[in-house]
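Structure first, commentary second.
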Amino acid sequence: MPDKAFVCLCLDITEADIDRAIAEGFSDPETLKRYTACFMGPCQGKSCMDTILGLLAEKTGQDRNDIRRPTLRPPVHPVQLRLIAGLGEIDDT
């Protein structure tokens, strides 16, 4: 069984997933994010962004400092944590 090198633990994205995305032409952070969903897990890239951007630089020959960090967007509508936890009902008023 081959070893898996996870680069995003939130979404189980492996180094092989990043390699595949780059091979298919997704070689900048924004398109890589859309193709693999990296940076979109519960941590919003806080635990994986540096690792993934480092891999991207290494595998594409780009300078790590020249790679722009992808745009991180908050949810469209704020959601109260009590609703996520199932401790309340949605008030549509």
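The values are calculated or read from the model by the stated rules, or taken from the named source; none is laboratory data. Keep in mind it's a predicted model, so treat the numbers as computed, not measured. Positions of Cβ are generated from backbone atoms using ideal geometry, with glycine treated the same way; all protein chains shown enter the neighbour counts. Note: accessible area is taken over every heavy atom of the protein model, side chains too, but ligands, DNA and RNA are not part of it. Shrake-Rupley method; radii C 1.70, N 1.55, O 1.52, S 1.80 Å.
Quick notes on this structure:
- Selected residue (only one of Arg34, Arg73 is at pLDDT below 95, open to solvent by 40 Å² or more (accessible area, probe 1.4 Å), in contact with a Phe, Trp or Tyr (Cβ under 9 Å, 6 or more places away or on another chain) and basic (Lys, Arg)): Arg34
- Positions within the range 8-31 being out of contact with any Pro (no Cβ under 8 Å at 6 or more places or on another chain) and under 15 Å from Ile67 (Cβ atoms), in sequence order: Ile18, Ala21, Ile22, Phe26, Ser27, Asp28, Thr31
- Selection of the range 5-40 for residues being part of a helix (DSSP H, G or I) and touching a residue at least 40 places away in the same chain (Cβ under 8 Å) yields Glu15, Ile18, Asp19, Pro29, Glu30.
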